[in-house]
Amino acid sequence: MANSTFLSTNLTNTSLDTTAAIVHMTCFIIIVLSHCTFLYFVIIILRVFFTSANIRETARYVLFIHMILNDTLYLIMAFVLYVASVYYVYIPVPFCYIMLTISTSTFRVTPYNLAVMSLERYVAVCYPLSHSQLCSPRRSTITLALIWTVALLFNLADIVVLGSKVGKNFFSLSVICSRASMTRTTEQGTITLCSLSMSFSAVGLIILYTYIQVVLVARKIGSGKSSAFKAGKTIMLHAFQLMLCMMSFTSSVTETYLRRYQAFIGIINYLLFMCLPRLLSPLIYGLRDDTFRKYMITFRSAAL
């Protein structure tokens, strides 16, 4: 009886391992193909941006291009870290911390960028006469600099706490690079939790407020083809992306309570909640925008 139970357990584990391997390989292929498609659209969008003067001088497109570049950097860094963790590649602590700093900073910048883009649409609809002054390319650049400053402040606090709590020997080690391997104190966990909670709460409130205000204007106009109506749909897409980013918080829960399926839960969480919100950006904003779509079609026709 014991032998039969042992055999059954082994067969079950073998089946799970085989299923996990298939799921893992399938997701990995999807990730590679989706990243290649994403980079293809990014190249076209960047070419349109840098060869079209009127687009470069529009704050909306400056913010959009910044989001595309930020998401590209995040996806590249997240992919490198994921492959390194899967294949147990040991990385020196200083290099690991730099890579994690880039990854976590770009992760935070995404919702900040969504909030600023929502505010730009809000100003365009609710204060059209002041839009060119309040949302100039120069002001957009200053705003982006402030976004990065805020995002990096949390990492600065983290490295100060880490450096004060661990010895110098720690920085001479090589580790499997992950956020967990760099979290050595409870204070670091508190900093991470507070930074993400405050960031997503503030961004969520900004998106909600701007959406309500834009919808009220759209109702006054009463036209389904008005700029206010389109701006409301754009802000809703920002909210959808923010929701997908926030869903990444559930990864720790699923990986804790579904440890039996941890072999493929990790890659599914990575694909759905880390990659998907960023992969959607070129499709949502590049192809939906009439001006960008016209230029993209022109450039693609010229290339062919």
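The values are calculated or read from the model by the stated rules, or taken from the named source; none is laboratory data. Since this is a predicted model, take the numbers as computed values, not measurements. With ideal geometry, Cβ positions are generated from the backbone for all residues, glycine too; neighbour counts draw on all protein chains shown.
Filtered by the rule that a residue be of a type in the set (V, I, T) and either at pLDDT 85 or above or farther than 20 Å from I91 by Cβ (or both), the stretch 178-191 gives T185, T186, T190, I191.
Hey, any hits in the stretch 57-78 for a residue that's part of a helix (DSSP H, G or I), surrounded by fewer than 17 Cβ atoms within 10 Å (Cβ to Cβ) and touching a residue at least 40 places away in the same chain (Cβ under 8 Å)? Within the stretch 57-78 (the criterion being part of a helix (DSSP H, G or I), surrounded by fewer than 17 Cβ atoms within 10 Å (Cβ to Cβ) and touching a residue at least 40 places away in the same chain (Cβ under 8 Å)), the answer is no, since none of the residues qualifies. The residue of the stretch 154-184 that is nearest to the chain's Cα centre (by Cα), among those that are within 14 Å of T101 (Cβ to Cβ) and exposed (fewer than 13 other Cβ atoms within 10 Å of the Cβ), is L156. Here Y97 clears all of (1) modelled with pLDDT of 90 or more; (2) in contact with a strand residue (DSSP E or B) (Cβ under 9 Å, 6 or more places away or on another chain) except the condition numbered (2).
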